[in-house]
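Note sheet for the following structure.
The values are calculated or read from the model by the stated rules, or taken from the named source; none is laboratory data. None of the values given here were measured: they were computed from a predicted structure. All Cβ positions, even for glycine, are placed from backbone atoms using ideal geometry, and neighbour counts span all protein chains on display.
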Amino acid sequence: MTDQPLGRVIAAATDGACSGNPGPGGWAVLFRFENGFLEEFGGHVRSTTNNRMELQAALEALKRLKQFSMHPDLQIRTDSKYLIDGFTKWITAWKKNGWRTSSGKAVLNKDLWLALDHARLQQVPFAYVKGHSGDKDNDRVDKIAVAFSKGLSIKLNTRTDHQDNSIPHESSLRDKAISDIAPMNLQKLLTRFELADHFANSGHTLSDGEIAQLIEEPIEKIRTITESWVWRDWVIEPLSNQKWRLRNNLENIISSEDRCND
């Protein structure tokens, strides 16, 4: 908790980034509050596109904003004209045309457009800012999104702009609460799930022994498996040289037509 009320959200920025075509992607959101508090958060998707990451960032911002009071002049700043035009212009025609473009093609990223339309905040518009133009918040969310897309470590800001004292991050508070009340076997299970999510999101490969330790199965059994299989919420895929890769079982199917730019 902060030492003073957060007040209203007075500024917001979002961005998405991707490496490949498609490839690993990242999204980022930044909020500024009246008391000077700065909240940053983001995420990684193993295989996606730049446009999907721009939409995902906007969706996460809208969902999170509903938890706070908002300044009447609040705008969500983005460097994606695709997001702004789709959200303010094209989506009306898409819905009338049965989610077909003017040329009759199926609208790409329909799942995210539907979610965005459902999460829409009528009083909060999106505002365009040119990327890499020196805008402080746009540059920051770009840096966060790129870091997530490349699987790099980045420290998210969880302090006020005007104070040096650190404010506990949500995850650290959650971890403390879990350690206070959860039985040891559930704490261990949570750790395994968090590791599985990390490996799935980062795309890192695991050896036979590491997979065996993660899912707590004999290594001999792992070495007899030659095809992909589902464990909990993840698909475990065999690679060459006795290596394995995890991916999220509920990942969206990515259209090869949707281009991804770094």
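In the condition set (1) surrounded by fewer than 16 Cβ atoms within 10 Å (Cβ to Cβ); (2) over 17 Å from the mean Cα position of the chain (by Cα); (3) assigned to a helix (DSSP H, G or I); (4) not hydrophobic (A, V, I, L, M, F, W, C), G104 is compliant with all but (3).
Could you grab me the full set of residues in segment 120-141 that are in a strand (DSSP E or B) and either surrounded by 14 or more Cβ atoms within 10 Å (Cβ to Cβ) or without any contact (Cβ under 8 Å) to a residue 12 or more places away in the chain (or both)? Scanning segment 120-141 gives F126, Y128. Within the set N51, N97, the sole residue that is buried (at least 19 other Cβ atoms within 10 Å of the Cβ) and either assigned by TED's automatic domain parsing to the domain that holds L30 or modelled with pLDDT under 95 (or both) turns out to be N51. Number of residues in segment 57-101 that are of a type in the set (G, A, S), free of Cβ contacts under 8 Å to residues at least 40 places away in the same chain and under 22 Å from I10 (Cβ atoms) equals 0. For segment 148-162, the condition holds for at least one residue, the condition being that it is modelled with pLDDT of 80 or more, touching a Pro at 6+ places or on another chain (Cβ under 8 Å) and in a helix (DSSP H, G or I).
Residue pairs whose Cβ atoms lie under 6 Å apart, separated by 6 or more positions or on different chains, with the first residue in segment 222-245 and closer than 15 Å to L206 by Cα and the second of a type in the set (K, R) and outside any helix (DSSP H, G or I), are V235/R247; E237/R245; L239/R245. I154 meets the conditions (1) among the hydrophobic types (A, V, I, L, M, F, W, C); (2) surrounded by 15 or more Cβ atoms within 10 Å (Cβ to Cβ); (3) touching a residue at least 40 places away in the same chain (Cβ under 8 Å) in every case but one. The failed one is (3).
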